[in-house]
Amino acid sequence: MNTLRIILLLCLALPLSAASWKAGTAKADITPNTPIWMAGYGGRTKPSEGTLHPLWAKALALEDAKGNRAVIISTDTLGMTASIYANLKARLAKEHKLQPEQIMLNASHTHTGPVLRGGLYDIYPLNAAHIKRIEEYSARLENEIVRITGQALKNLEPVTLKHGIGITRFGVNRRENKPYSDVPKLIAAQALKGPIDHDVPVLAVYKGLELKAVVFGYACHSTTLGIQKFSGDYSGFTQIALEKSHPGALALFSAGCGADINPLPRRVVHLAERYGLMLAAAVEETLLQKMQPLEPKLNTRIKTIPLEYGALPEPAALAAAAKNQTNYRGRWAARMLKLQADDDVPKTYPYPIQCWRVGDLLWLTMGGEVVVDFSLNFKKQYGPRTWVTSYCNDVMAYIPTFRVLQEGGYEGQSSMAVYGLPADRWKENVEDLVTEGINQLVRDTK
Ligand SMILES: [Zn+2]
């Protein structure tokens, strides 16, 4: 009887263990080792001066019960540029047999990381030597990402996956609560205005009872700091705290739709650390709650939609701006004049959107800096088990909803020139195109 029972148990156990998720992890220190221009604020006047804490690229490879694979890559960078994304897609396909839909390339949007190849060049006074250093660094970054992806795929081992959602409240709608100096008073009076998304989505990867990796999100700009030292901003501190309290585990940040959300007040290191610890506490609390186990089923899709540019700037206005090339607008205007003269102005941008189903978790990713309306809308439409990641794969511009586009301001309009794009704004159908594209992808990803 006992022998029979053991055989029966073994028979039951075999398909169970064979039907599990597998996961592998790897990471690389990507801190620049020489001074280099820092990405994200046009007002900087000089390259970096040292390091507050290291910058990381991290890879979490997943494989479902049928052998479908995908890799989440997180980086402490402002955003992957079109050139880096193109190179990585080609190399990851060639070297690791990964198609673009299987690659989720995240950027924390830290404003204390290096400028990357082709990223916002107009806003910095770069000379040839600066650009050479940026290109060398970008090649190193690509090599490291390809290397850790291979390492993570090589290390795949049986795991369980769980999903949960926590909350933390330091993100403030930056369009609706100005001047920023009023924000502490508004917080004290509980009188902050504007849409926000305070969810902290968490994907936990367990090897037995041990946490092997945790991916966590938050919809808030990584702009606490504007110093000349490298750091991952608040989410860098979160990663450090989580990896300290779970030795051996890898913590990866997946930035949400925080394009119009700032950590406020800000600009001092202890606030970046405080927000980082608040986010870490929200993740820890979620890990202690009853999280939802995810079935070992993975389906991945990606699509690029041609986002249409709105009206082009008038040549006369460009010519006037181009007279002063000591500022970014002048440098951008001079480039645009040449593009217009050569009749070489693109009409659309190939905008990447992605949909993963991880068990019953619906994970949407969007390129660019996406305003918070999008994550609120998609979660309302598709339910609470929906995770919306922004700053993903290619960060080429802000992505406003129709409301923000109409209101204008930085996220709706003036950031287009900062990003070096040829139009003053996206066309009025930007929200419709993005939403229709995502809806189609969700339908296609069963
Ligand atoms: Zn930004």
> Which of the residues belonging to segment 214-233 are of a type in the set (V, I, T) and within 13 Å of the ligand (Cβ to nearest atom)?
Replying inline: T223, T224
> Restricting the search to segment 63-101, which residues are closer than 17 Å to Q151 by Cβ, hydrophobic (A, V, I, L, M, F, W, C) and in a helix (DSSP H, G or I)?
Replying inline: L88, L92
>> Please determine whether any residue of segment 422-433 is assigned to a helix (DSSP H, G or I), of a type in the set (S, T, N, Q) and surrounded by fewer than 18 Cβ atoms within 10 Å (Cβ to Cβ).
In response: no
> If you take the residues of segment 87-120 that are at pLDDT below 95 and within 16 Å of the ligand (Cβ to nearest atom), which of them is surrounded by the fewest Cβ atoms within 10 Å (Cβ to Cβ)?
Replying inline: L120
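Applying the selection to segment 360-412, what residues are of a type in the set (S, T, N, Q) and touching a Lys or Arg at 6+ places or on another chain (Cβ under 6 Å)? Talk me through it step by step, then tell me what you get.
In the first step, residues of segment 360-412 are kept if they are of a type in the set (S, T, N, Q); the result is 365, 375, 377, 381, 386, 389-390, 393, 401, 406.
If the condition is that a residue be of a type in the set (S, T, N, Q) and touching a Lys or Arg at 6+ places or on another chain (Cβ under 6 Å), then T386 is the only one that fits.
If we scan segment 181-194, do we find a residue that is more than 16 Å from the ligand (Cβ to nearest atom) and surrounded by 21 or more Cβ atoms within 10 Å (Cβ to Cβ)?
Of the residues in segment 181-194, the ones more than 16 Å from the ligand (Cβ to nearest atom) are 181-194.
Narrowing further to those that are surrounded by 21 or more Cβ atoms within 10 Å (Cβ to Cβ): none.
No, because not a single residue in segment 181-194 is more than 16 Å from the ligand (Cβ to nearest atom) and surrounded by 21 or more Cβ atoms within 10 Å (Cβ to Cβ).
Output yes when any residue across segment 72-84 is free of Cβ contacts under 8 Å to residues at least 24 places away in the same chain and away from the ligand (no atom under 16 Å from the Cβ), and no when none is.
First pass over segment 72-84, keeping only residues free of Cβ contacts under 8 Å to residues at least 24 places away in the same chain: none.
No, that holds for no residue.
The values are calculated or read from the model by the stated rules, or taken from the named source; none is laboratory data. Quick caveat, the model's predicted, so the values are computed rather than measured. Here Cβ is always computed from backbone atoms with ideal geometry, including for glycine, and neighbour counts include all displayed protein chains.
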